[in-house]
Amino acid sequence: MKNIYILFLLGVVVTTLSCEDGNKNYTEEFDSVYYYLKEGVNEFDFYSVNSAKVQTITVGRGGHGLNGTSTINLVPFTQAEMDEYNATIDGDYKLLAPEYYDMPATVAFEDGVEYRNVDVVFKGNMSELAKIGEYMLPIRLEADNGTVNDNKNIIYFKPNIIVPSIITDPTGVHVIRMEEGKREKQSFELAFYLDVKNEWDLKLRIENNEDELEKAVRQYNETMGVDYLLLPKENRSFESTILFPAGEALASSFVEVNNNNLMMDDYLLPIIPKKVVGMPFDVREAICYIHVMVTGELKLISLADDMLSSNSIHPGQPLKNMLDNDIKTYYESIWTSNTDPKHDSKYGVYIDIDVSDVTPMIEKQIKIDYSTREYANAVPNQIILYVGTSVDNLRKVGELSATKNNLPKKGGVWTDDPEQNVDMPQFSVGRQEISLIRVSFLSSANGTQIKNLTQSGAMSGDQNSVAISGFRLYGK
């Protein structure tokens with residue numbers, strides 16, 4: 001007769017069968033329980049440089065079946081599951097495709113093993129993915145035999161796809177002035193930066209195809225409303241390959257330009273980083289434009305008072321005062337607080353010069369010269385020059401400041417006085433015929449105090465104005 005022993009232990013009933021029944025110990029048939037040791041979102045940086053990155057996860061096995069062998073399945077999310085997850089968190093993650101990773105489909109547990117480390121290998125060139133959105137790879141645990149802990153059964157891999165970049169410095173437009181008929185050479189230094197640690201021997205290609213350079217100049221001209229010429233081959237030299245040895249994240253290069261046989265005109269040299277050879281790096285599409293301005297002799301333009309107008313004229317100090325030869329007469333803008341019109345929010349106080357009847361029309365370069373009134377009050381501190389065919393299409397061509405150009409700080413002095421060491425450069429008008437020049441005064445210097453001319457009028461007694469006793473315009 002079978003002997004059945006029933007044990008009552010802490011209120012829990014455990015039933016055992018005697019060995020003579022020929023049955024296994026029931027505890028050996030209890031299910032294994034599988035789980036991720038660390039579940040949730042696993043976020044990591046992935047540099048898309050064709051090198052793999054390994055992320056290790058740990059799968060645990062619990063329960064009463066540790067003395068046997070077993071397997072657990074690793075199952076990536078389907079698109080439907082990814083969509084459901086996005087809906088739950090109000091996200092927009094894209095599901096990482098299988099070609100971008102390697103992982104085992106199952107994990108085997110040997111006898112007595114409680115934990116197994118699993119490598120998920122992320123690979124391939126993901127640079128294109130970085131431009132599309134954020135990606136995720138969720139992996140779920142599924143058991144053919146045994147159970148899965150529902151609270152620790154999914155891990156979400158989120159690679160932050162980083163595309164290393166080459167950065168050019170400086171970018172934008174940089175003017176190099178050279179004098180016509182005077183053989184000169186000048187160099188311009190460029191720096192190129194890799195924004196990650198350099199573990200490779202890299203080569204950065206710089207565009208040197210003549211057709212592509214011509215195209216870049218045309219695009220610049222269309223954007224800026226000018227008509228610059230591509231600097232001829234014989235007047236330029238630069239490296240078309242920039243080397244980055246392993247361990248070096250910075251490379252310097254010099255562009256050499258000369259004005260041999262160049263006539264007075266405006267030339268442009270675009271320096272265009274193209275690609276890193278053999279690597280899927282991002283090359284910032286920021287171009288450095290070197291504007292080679294060959295200056296020449298300009299003629300003095302005869303000005304009459306009917307060619308001048310301004311948005312701000314103080315009673316008794318008209319514009320014609322700055323065209324006579326008397327240093328004691330001057331033009332001054334409004335400085336009292338109760339007089340209209342007040343200063344312009346963009347141009348401050350400005351003087352417009354109608355050059356539509358100047359023949360031949362100005363189309364290459366201009367230069368201004370002026371003197372301040374006898375006592376140093378309301379003298380210009382910052383001047384910007386604009387050109388165009390009307391007030392509706394003005395474009396900036398140059399800027400002068402007391403700090404950079406050493407503009408006069410005392411009255412009765414012309415800027416072309418050699419003793420003053422004033423730098424009054426010529427400015428390009430872009431090889432375009434112009435009919436209007438706007439001289440914009442944005443601030444004036446009253447002793448050491450700068451008065452902003454773009455504010456809406458001055459306080460009572462405040463000399464928020466600009467005064468000019470003489471003015472000359474040169475052009476060609």
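The values are calculated or read from the model by the stated rules, or taken from the named source; none is laboratory data. Predicted model, so just to flag it, every value in this text is computed and none were measured. We place every Cβ from the backbone using ideal geometry, glycine too, and count neighbours over all the protein chains shown. To get the accessible areas, we keep the full protein, side chains included, count just its heavy atoms, and leave off ligands, DNA and RNA. Shrake-Rupley method; radii C 1.70, N 1.55, O 1.52, S 1.80 Å.
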* To do: Please calculate how many Å² of accessible area region 155-234 carries per residue, with a 1.4 Å probe and no DNA, RNA or ligand atoms counted.
  => 56
* What does a probe at GLU180 reach in region 286-304, counting residues whose amide N is under 17 Å from the point 7 Å along Cα→Cβ? -> 292-301
* Asked: For the pair ASP354 and ASN209, what calculated FRET efficiency results from E = 1/(1 + (r/R0)^6), where r is the Cβ-Cβ distance and R0 = 51 Å, to the nearest 0.05?
  -> 0.70
* Structure fact -> So the angle from the long Cα axis of helix 79-89 to the longest Cα principal axis of the chain, reported in degrees to the nearest 10, equals 70
* Asked: Given labels modelled 7 Å from the Cα in the Cβ direction, how far is it in nm from SER252 to ILE132?
  -> 4.3
* **Accessible-area composition of region 135-259, carbon plus sulfur, in percent [1.4 Å probe]** => 42
* **List ASP354, ASP306, ordered by accessible area with a 1.4 Å probe, largest first** => ASP306, ASP354
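Whenever you get a sec, line up ARG177, ARG183 from highest to lowest accessible area (probe 1.4 Å, protein heavy atoms).
Working: ARG177 90, ARG183 175 Å².
From most accessible down to least: ARG183, ARG177.
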* Structure fact -> Between LEU300 and ASP324, the two model label points (7 Å from Cα along the beta-carbon direction) sit apart by a distance in nm of 1.8
* **Estimated vicinal HN-Hα couplings, Hz - region 151-166 in sequence order (Karplus 6.51, -1.76, 1.60; Gly, Pro = x)** => 8, 9, 10, 9, 10, 10, 8, 10, x, 7, 6, 10, 9, x, 10, 9
* **Spin-label pair GLU239/PHE44, simplified geometry with 7 Å Cα→Cβ offset, distance in nm** => 3.6
* To the nearest 10 degrees, how steeply does helix 210-224 sit against the main Cα axis of the chain, on a 0 to 90 scale? -> 70
* Please report, in Å, the Rg and the Dmax of region 58-160, where both are computed over Cα atoms only. => 15.6, 50
* To do: Using every pair of alpha-carbon atoms in the chain, split the distances into 20 Å bins beginning at 0 and state the percent of pairs per bin, rounded to integers.
  => 18, 29, 23, 16, 9, 4, 1
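Return the calculated 222 nm mean residue ellipticity for the chain, to the nearest 500 deg cm²/dmol, obtained by summing -39500 (n - 2.57) across DSSP H runs with n ≥ 4 and dividing by the residue count.
It lands at -2000 deg cm²/dmol.
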* Computed FRET value (nearest 0.05) for ASP144 with VAL54, which takes r as the C-beta separation and R₀ as 30 Å -> 0.65
* Structure fact -> Once SER237, SER127 are ranked on solvent-accessible area with the largest value leading and a 1.4 Å probe, the list reads SER237, SER127
* To do: Using a 1.4 Å probe and ignoring any ligands, DNA or RNA, find the accessible area of SER465 and quote it in Å² to the nearest 10.
  => 0
* Asked: Once you sort the root eigenvalues of the Cα gyration tensor of region 44-89 as a ≥ b ≥ c, which label holds: rounded (a/c under 1.5), prolate (a/b larger than b/c) or oblate (the other case)?
  -> oblate
* Segment ASN73-SER435, length gained on full extension (0.36 nm per residue, minus Cα span) -> 122.5 nm
* Asked: Once the other residues with Cβ under 11 Å from the Cβ of ILE154 are scored (Lys, Arg +1; Asp, Glu -1), what is the net sum?
  -> -2
